[in-house]
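Shown next, in structure tokens, is the structure this report addresses.
Throughout, read-outs are computed from the coordinates displayed, never taken from laboratory work. The structure presented is a predicted model; accordingly, all values stated were derived computationally and were not measured. Neighbour counts are summed over all protein chains in view; Cβ atoms, including those assigned to glycine, are modelled from backbone coordinates with ideal geometry.
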Amino acid sequence: MNSIQQTQEKWKGKAKTELLGCKVEKVWPLLEDFFGLDKWFPTTCIPLEGISGKPGCVRFCFGFKTPVDEIHGKTNLNWTKQKLLSIDPIQRVFSYSIIDSNVGFHNYVSTYKLLEKDDGCVIEWIYEVEPAEGWKLEYLDNFIASGLDEMGQKIQGALKIMEDALVGA
């Protein structure tokens, strides 16, 4: 009998959300602020190391809810420590990894891309991670898709308020 253990392939996914009427030039500065995630995503974000938007900077994010919390009755505070790997303001893309967490993610890497459209822009969130204990890929897909949708709505709403205020000024 062969005792070679098979390793599972990494989970991979992509979510995207459209921001109608929002120009990439207005959205990019909001996305590239690595330490400002909590303005748009339902979490609290604290800078730990480096300068926001510079590769190597690290943020500590906590207080977010995951699908696993409800399913498994988890009550402890969720947290992740995330490191910015790369950023390209010309292509409007950045990547980061989760370097430590209590949510079960190992070798997690995400890439955000901001794409221009005629009637606005699209944020893409591409991710891959080793399968996590207690999770299913569909939980992660739903968590990221709903988080990205909320993020897009908050950004779109903030930019609309700003534009309305400036037009009326």
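When the chain is fully extended, how far beyond the present Cα-Cα distance does K154 get from K117, taking 0.36 nm per residue of separation?
Stretched fully, the K154-K117 segment lengthens by 11.4 nm.
The HN-Hα couplings worked out from phi for the range 53-68 by the Karplus form 6.51 cos²θ - 1.76 cosθ + 1.60 (θ = phi - 60°) are x, 9, x, x, 5, 10, 10, 10, 10, 8, x, 7, 9, 10, x, 5 Hz, whole numbers, x standing for Gly and Pro. What is the helix-to-structure angle for 137-168, meaning the angle in degrees between its Cα long axis and the longest Cα principal axis of the chain, kept from 0 to 90 and rounded to the nearest 10? Between the helix axis and the principal axis of the chain, the angle is about 10 degrees. Comparing L37, L19, L159 in a Gaussian network model of the chain (Cα springs below 10 Å), the most mobile by mean-square fluctuation is L159. With a Förster radius of 25 Å applied to the beta-carbon distance between I90 and E49, the computed FRET efficiency rounds to 0.50. Excluding same-chain neighbours fewer than eight residues apart, the aspartates and glutamates reachable from K12 by a Cα-Cα span under 13 Å are E128, E130, E138, D141.
Quick one: compute the contact order of the chain, relative version, from alpha carbon pairs under 8 angstrom and 6+ residues apart, as a percent.
Working: 321 pairs, mean separation 46.5, N = 169.
27 percent.
Normalised by residue count, the chain yields a Cα convex hull volume of 147 Å³ per residue.
Kindly flag which residue pairs out of K23/K65; K65/K136; K54/K117; K23/K81 have an alpha-carbon separation exceeding 19 Å in this structure. Write down the numbers at each step before the final one.
Numbers: K23/K65 30 Å; K65/K136 15 Å; K54/K117 27 Å; K23/K81 30 Å.
Table pairs above 19 Å Cα-Cα are K23/K65; K54/K117; K23/K81.
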